Amino acid sequence: MPESEVLSDVPAAGSAVNQAQVADLIARACLPERYRDQRVLVIVPDGTRTAPVGMLFQALYKQIGHVVRQLDVIAALGTHQPMSEAQFCERLEVPEADRKSTYGKVRFFNHEWNNPKALRQIGAISADEISKLTGGLFAMDVPVEINARIFDYDRLIILGPVFPHEVVGFSGGNKYLFPGIGGPQILNFFHWLSAVITNPKIIGNQWTPVRRIVDKAGAFVGVDKLLLAMVVAPDKSLVGLFAGPPEGAWDAAVQVSRQVHIVYKDRPFHSVLSCAPKMYDELWVGGKCMYKLEPVVADGGELIIYAPHIHEICVSHGEHIRKAGYHCRDYFLKQWDKFKHFPWGVLAHCTHVYGLGTFENGVETPRVRVTLATGIPEDVCRQINLGYRDWRSIRAEEFQDREEDGVLHVAKAGEMLYKLKNPPKWAAGE
């Protein structure tokens, strides 16, 4: 296929891309003669993304595994926790017997975002360019670092789904490089940029300032790149598959994702029970249960993150979060000298979970209340400035089928975005 071409398979409504169709598209996108004696690094998401990554990986390996010199896998962790061998096998749907035989030569790697020796600077986005890309919000040089391991390979193949996303607008594409396998400086910068713009104005919008910065950083990567972008329906079926350069394949996938992953509501809800799936094992990722629902919570309403299985705030960043606390954007901006030395990505997470609010004359007022019904103790919830409710006191059935009463129950929160048909100004994006 020509380097700029995007191949696609989008089935009719109510259908899914099956295994044979996946194999066919990969066969057209990855001609064996182009991969002969090549070293290939496959970049995959960790377990916090719903997608048939295993089906694609196995089809890809069957297509080119016999001609490449080496084919390895790295997890695009960003700052998430490292994956074990067993977790890699689960992600790739590889049984133990096949791991030892068919995939015995495949090496698994975790991204090491906090290990300077594992990173290489490949350029920098100038202050002038940052000012243009952010509409004047920032003007600073931003170094671009990436996992140095990629330079041991001739080709990068990204396997990943596309969903609405709180930081970039829609996940996928070059986001698997930045922050997926990128360094902390650019990660912290564009996460805080998203927080300054605010989650409701970013999420579910395609051409955000953050996406433009991610694509700009992606242009510094001099290794050949192919993206296999998936769009996965709520029932876990594959309803779109695109192959091509990261920018083009991602763009095509977004057009399907915005049809599949956004639920529009006529009016806001004063009470929302947002249930976290088990794949969110700490609040760092469980916060998605707020991000995807904030746009439909009424002013003065309450969103409950229901996740009895979550006992950690964040293994990597918990200390910083405890010190900063969860607050609205202006709480940090109006006291910037106090908080500017915190990792900006941490501050961004704290604002995204807390949601919109005001900070006037030393008084913080949230637009909505965020309550944790998790395994995190009450004293910790109070310490980090979030509400607490004993998860054992919640009966999910009391929230179900009550939308007419202004009560919303979401059984698997975090991937589907909920928006109002007529959004208020604070949620108006592109």
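With 136, 182, 173 as the choices, which residue is farther than 22 Å from residue 343 by Cβ and in contact (Cβ under 8 Å) with a residue 12 or more places away in the chain? Give the derivation first.
On the way: 136 fails: in contact (Cβ under 8 Å) with a residue 12 or more places away in the chain; 182 fails: farther than 22 Å from residue 343 by Cβ.
Of the residues listed, the single one that is farther than 22 Å from residue 343 by Cβ and in contact (Cβ under 8 Å) with a residue 12 or more places away in the chain is 173.
Looking only at segment 92-117, filter to residues that are under 22 Å from residue 145 (Cα atoms) and modelled with pLDDT under 95; which one of those is surrounded by the fewest Cβ atoms within 10 Å (Cβ to Cβ)?
114
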field: Which listed residue is in contact with a helix residue (DSSP H, G or I) (Cβ under 8 Å, 6 or more places away or on another chain), among the aliphatic types (A, V, I, L, M), in contact (Cβ under 8 Å) with a residue 24 or more places away in the chain and more than 22 Å from residue 390 (Cβ to Cβ), from 241, 273
entry: 241
field: Members of segment 129-173 that are surrounded by fewer than 20 Cβ atoms within 10 Å (Cβ to Cβ) and closer than 18 Å to residue 245 by Cα
entry: 154
message: With the condition being closer than 29 Å to residue 21 by Cα and either at pLDDT 95 or above or open to solvent by less than 10 Å² (accessible area, probe 1.4 Å) (or both), I'd like the strands (runs of 3 or more DSSP E) fully within segment 181-291 carrying at least 2 qualifying residues.
response: 224-232, 238-244, 262-265
- request: Confirm whether residue 349 is in contact with a strand residue (DSSP E or B) (Cβ under 9 Å, 6 or more places away or on another chain) and not small (Gly, Ala, Ser).
  value: no
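Answer yes or no as to whether residue 34 is of a type in the set (Lys, Arg) and free of Cβ contacts under 8 Å to residues at least 24 places away in the same chain.
Details: of a type in the set (Lys, Arg): yes; free of Cβ contacts under 8 Å to residues at least 24 places away in the same chain: yes.
Yes: the conditions hold for residue 34.
The values are calculated or read from the model by the stated rules, or taken from the named source; none is laboratory data. All values reported here derive from a predicted model rather than from experimental measurement. Quick reminder, even Gly has a Cβ in these numbers, built from the backbone with ideal geometry, and neighbours come from all protein chains shown. Keep in mind that these areas ignore ligands, DNA and RNA; they rest on the heavy atoms of the full protein, side chains included. Shrake-Rupley method; radii C 1.70, N 1.55, O 1.52, S 1.80 Å.
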